[in-house]
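Asker: Here you go, one structure.
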Amino acid sequence: MTHESERLAGGAPGTEQEGGTSPNVPVSLLDTAPYRVGSVALVVRDLDGLARFYRDTLGLATISRKSDTVRLGVGATVLLELRHDPAAQPWSPQQAGLFHTAFLLPSCGHLGAWLAYAAERNIQLSGAADHLVSEAVYLNDPERNGIEVYVDRPSSEWPRAEDGTIVMRNDRLDHAGLLRAAPAPWRGMPAGGRVGHVHLQVGALDAAERFYADLLGFDVMCRYPGATFLGAGGYHHQLATNIWNSRGSQVRPAGMAGLAEVELQIDTRTLAKVRGRYLEGGLAMIDDDGATVLHDPWGTRLRLVPSSV
């Protein structure tokens, strides 16, 4: 498998992180966008082991726990839900599903602090890159679910192509600069940490674009060999799709470990438009406790939760 840092966008818990440089996150873009990633749900075979990994490695806090479910996040905000199924079959990298869940930190200082912590704990990384719009580090959890930890550059610095799309690359990450930016040790996922985007494996980019852009209303922000980056509200991407490992894949079989659901928070006007397009096309929607549940062409479950911007 090609190393994530050779591609574009793919590689102790407790108190709030202190200090940090001024936030790099273009908060207005994320917080006013018609779509925001709320949380990601994974089916896992080893519930205790995976929960411990996300607490120890990323500093997520346990928000709630039942016999078969653990919810982790920051404060009262759930970012990750782990659903236990010891009989689930390990997913294959050639299948559609999750490429990585990307956790966005508030500043370069926070990413530098986490890098120092990762080095001290001998956390194995799978890649790192400067993507021009962001600086990112990649790793995998023990069940091979991909993870990105990243920080955004100010949106005013994002390079643009002549057609207005965003330019993203794989430049060398300035580890030393990030380490220098860290004013304090890592003390767990800081307030303001969130799931910034989710990167999916799909079977075909054209079909993915028809679903995510034409039906759901995302903008194509960047095209890259084998991948499409889809954003809303001017953000570089809340979702991405690629065929690097999964070209030609079909609907993911039931009973697999890995991605269970992506929760997308969506403003009510955008949701009404999406539902209208679904009704016009005679497509199936599920109404579930105030949310609209959809499935992409490969069976990836999307939970659209209405929210006010």
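The values are calculated or read from the model by the stated rules, or taken from the named source; none is laboratory data. In this text the structure is predicted, and so the values were computed from the model without any measurement. Every residue, glycine as well, gets a Cβ built from its backbone with ideal geometry; the counts of neighbours run over all protein chains shown.
Asker: So, in segment 134-171, how many residues would count as being touching a Cys at 6+ places or on another chain (Cβ under 8 Å), acidic (Asp, Glu) and assigned to a loop (DSSP other than H, G, I, E, B)?
Answerer: The number of residues fulfilling the criteria is 0.
Asker: Consider only pairs whose beta carbons are under 7 Å apart and that are at least six residues apart or on different chains; among these, list those whose first residue lies in segment 243-264 and is on the phi < 0 side of the Ramachandran plot and whose second residue is assigned to a loop (DSSP other than H, G, I, E, B) and modelled with pLDDT under 95.
Answerer: Hits for this filter: Trp244/Thr2; Trp244/Arg7; Asn245/Met1; Asn245/Pro93; Met256/Trp91; Ala257/Trp91.
Asker: Is it true that some residue in segment 227-248 is surrounded by 20 or more Cβ atoms within 10 Å (Cβ to Cβ), of a type in the set (Ser, Thr, Tyr), touching a Gly at 6+ places or on another chain (Cβ under 9 Å) and not in a strand (DSSP E or B)?
Answerer: Yes, because at least one residue in segment 227-248 is surrounded by 20 or more Cβ atoms within 10 Å (Cβ to Cβ), of a type in the set (Ser, Thr, Tyr), touching a Gly at 6+ places or on another chain (Cβ under 9 Å) and not in a strand (DSSP E or B).
Asker: Regarding segment 241-251, can at least one residue be identified that is closer than 30 Å to Ala61 by Cα, modelled with pLDDT of 95 or more and under 21 Å from the mean Cα position of the chain (by Cα)?
Answerer: Yes, the conditions are met somewhere in segment 241-251.
Asker: I'm trying to understand the selection: among the residues of segment 159-178, which are among the aliphatic types (A, V, I, L, M), within 28 Å of Phe53 (Cβ to Cβ) and surrounded by fewer than 16 Cβ atoms within 10 Å (Cβ to Cβ)?
Answerer: Ala176
Asker: Write out, first by first residue and then by second, each pair whose Cβ atoms fall under 6 Å of each other, whose residues are 6+ apart or on separate chains, and whose first residue, in segment 280-309, is within 19 Å of Asp214 (Cβ to Cβ) and among the acidic types (Asp, Glu) while the second is buried (at least 18 other Cβ atoms within 10 Å of the Cβ) and modelled with pLDDT of 95 or more.
Answerer: Matching pairs, first to second residue: Asp296/Phe211.
Asker: OK, next. In segment 142-158, what residues are in contact with a strand residue (DSSP E or B) (Cβ under 7 Å, 6 or more places away or on another chain) and surrounded by fewer than 20 Cβ atoms within 10 Å (Cβ to Cβ)?
Answerer: Glu143, Arg153
Asker: So, in segment 65-75, exactly how many residues are under 19 Å from Thr101 (Cβ atoms) and surrounded by fewer than 13 Cβ atoms within 10 Å (Cβ to Cβ)? Walk me through how you get there before you give the answer.
Answerer: Keep residues of segment 65-75 that are under 19 Å from Thr101 (Cβ atoms), which gives 69-75.
From what is left, the residues that are surrounded by fewer than 13 Cβ atoms within 10 Å (Cβ to Cβ) are 75.
Qualifying residue count for the region: 1.
Asker: Let me ask something additional. Which condition number does Phe99 fail, the rest of (1) part of a loop (DSSP other than H, G, I, E, B); (2) touching a strand residue (DSSP E or B) at 6+ places or on another chain (Cβ under 9 Å); (3) more than 21 Å from Val74 (Cβ to Cβ) being met?
Answerer: Of everything listed in (1) part of a loop (DSSP other than H, G, I, E, B); (2) touching a strand residue (DSSP E or B) at 6+ places or on another chain (Cβ under 9 Å); (3) more than 21 Å from Val74 (Cβ to Cβ), Phe99 misses just condition (1).
Condition check ((1) of a type in the set (S, T, N, Q); (2) under 24 Å from Arg187 (Cβ atoms)) across all residues:
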| residue | (1), (2) |
| --- | --- |
| Thr77 | yes, yes |
| Arg83 | no, no |
| Phe99 | no, no |
| Ser126 | yes, no |
| Glu135 | no, yes |
| Arg144 | no, no |
| Val151 | no, yes |
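Asker: Right, another one. Count, please, the residues in segment 114-133 that happen to be part of a strand (DSSP E or B) and either out of contact with any Asp or Glu (no Cβ under 9 Å at 6 or more places or on another chain) or under 14 Å from Leu179 (Cβ atoms) (or both). Lay out the reasoning, then the answer.
Answerer: Within segment 114-133, the first condition is being part of a strand (DSSP E or B), and the residues that meet it are 127-130.
If we keep only those that are either out of contact with any Asp or Glu (no Cβ under 9 Å at 6 or more places or on another chain) or under 14 Å from Leu179 (Cβ atoms) (or both) too, we end up with 128.
Matching residues across segment 114-133 total 1.
Asker: A follow-up question, please. In the list Gly14, Gly20, which residue meets the criterion of being in contact with a Ser or Thr (Cβ under 7 Å, 6 or more places away or on another chain), at pLDDT below 95 and outside any strand (DSSP E or B)?
Answerer: The match here is Gly20.
Asker: If you take the residues of segment 270-309 that are among the small types (Gly, Ala, Ser) and either touching a Gly at 6+ places or on another chain (Cβ under 7 Å) or not in a loop (DSSP other than H, G, I, E, B) (or both), which of them is modelled with the lowest pLDDT?
Answerer: First, pick out the residues of segment 270-309 that are among the small types (Gly, Ala, Ser): 272, 276, 281-282, 284, 290-291, 299, 307-308.
Right, trim to either touching a Gly at 6+ places or on another chain (Cβ under 7 Å) or not in a loop (DSSP other than H, G, I, E, B) (or both) and you get 272, 276, 291, 307.
Working: Ala272: 98, Gly276: 97, Ala291: 97, Ser307: 91.
Here the answer is Ser307.
Asker: Please verify whether segment 200-209 includes one or more residues that are in contact with a helix residue (DSSP H, G or I) (Cβ under 8 Å, 6 or more places away or on another chain), buried (at least 22 other Cβ atoms within 10 Å of the Cβ) and not in a strand (DSSP E or B).
Answerer: Looking for residues that are in contact with a helix residue (DSSP H, G or I) (Cβ under 8 Å, 6 or more places away or on another chain), buried (at least 22 other Cβ atoms within 10 Å of the Cβ) and not in a strand (DSSP E or B), one finds at least one in segment 200-209, hence yes.
Asker: Turning to a different aspect of this structure: Go through segment 119-141 residue by residue and tally those that are surrounded by 20 or more Cβ atoms within 10 Å (Cβ to Cβ) and out of contact with any strand residue (DSSP E or B) (no Cβ under 7 Å at 6 or more places or on another chain).
Answerer: Count: 1.
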